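A short worksheet on the structure shown next.
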Amino acid sequence: MFGSFIKYKIDGDEEYTVTPTVTESLAPEFNHSRVVKIDKVTQETLEYFENSCITFLLYGCQEDRESDVKLIKLTTKELRQREETSGNIKTNALTRQLTKNTVDESAMLKTEILS
């Protein structure tokens, strides 16, 4: 198997959550979400959110195969541009917007926990 996937676990998880593998992309979009329900917020729960973090492990697997002769001499930048023109990569502005929204949401979460 080749492609990219992410795995992670949070406080209380025994097993890692693993996203589906995304293939054929230099900028994979995982389209993964997970809702975590905390039945009872304890002091340990608060300490976990205050002092710990969720670590996302990104894995990439390559497949050994004959390379397309036309693509061998292209740089990663050129490959990305080629993929972008075929519609597989979103614009940088959208990527920046998604990053900004993620930061804002995490700040809101911390505010809600502390309130």
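The values are calculated or read from the model by the stated rules, or taken from the named source; none is laboratory data. All values reported here derive from a predicted model rather than from experimental measurement. Here the Cβ positions follow ideal geometry from the backbone for every residue, glycine too, while neighbour counts run over all protein chains shown. Heads up: the accessible areas ignore ligands, DNA and RNA and are worked out on the full protein's heavy atoms, side chains in. Shrake-Rupley method; radii C 1.70, N 1.55, O 1.52, S 1.80 Å.
Determine, yes or no, whether Ser4 is in contact (Cβ under 8 Å) with a residue 24 or more places away in the chain and in contact with a Cys (Cβ under 9 Å, 6 or more places away or on another chain). Can you show your working first?
Working: in contact (Cβ under 8 Å) with a residue 24 or more places away in the chain: yes; in contact with a Cys (Cβ under 9 Å, 6 or more places away or on another chain): yes.
It is true that Ser4 is in contact (Cβ under 8 Å) with a residue 24 or more places away in the chain and in contact with a Cys (Cβ under 9 Å, 6 or more places away or on another chain).
Within the stretch 12-33, identify whether any single residue is in a strand (DSSP E or B) and of a type in the set (Ser, Thr, Tyr), and answer yes or no.
yes
Count, please, the residues in the stretch 34-69 that happen to be open to solvent by 80 Å² or more (accessible area, probe 1.4 Å), part of a loop (DSSP other than H, G, I, E, B), farther than 30 Å from Gln81 by Cβ and not β-branched (Val, Ile, Thr).
Looking only at that region, the number is 5.
What single numbered condition from (1) among the charged types (D, E, K, R); (2) modelled with pLDDT under 80; (3) more than 19 Å from the chain's Cα centre (by Cα) fails to hold for Lys90?
Evaluating Lys90 over (1) among the charged types (D, E, K, R); (2) modelled with pLDDT under 80; (3) more than 19 Å from the chain's Cα centre (by Cα) leaves (3) as the failure.
Give the residue that is farthest from Leu79 (Cα to Cα), with candidates limited to residues of the stretch 18-28 that are modelled with pLDDT of 90 or more and either acidic (Asp, Glu) or surrounded by 15 or more Cβ atoms within 10 Å (Cβ to Cβ) (or both). Reasoning before the result, please.
Taking the stretch 18-28 first, the residues modelled with pLDDT of 90 or more are 18-22.
Filter once more, so that each one left must be either acidic (Asp, Glu) or surrounded by 15 or more Cβ atoms within 10 Å (Cβ to Cβ) (or both): 19, 21-22.
Values: Thr19: 25, Thr21: 20, Val22: 17 Å.
Checked the stretch 18-28; the qualifying residue farthest from Leu79 (Cα to Cα) is Thr19.
What is the residue count in the stretch 11-32 for residues that are out of contact with any Lys or Arg (no Cβ under 9 Å at 6 or more places or on another chain) and farther than 29 Å from Arg82 by Cα?
Adding up the residues that qualify gives 4.
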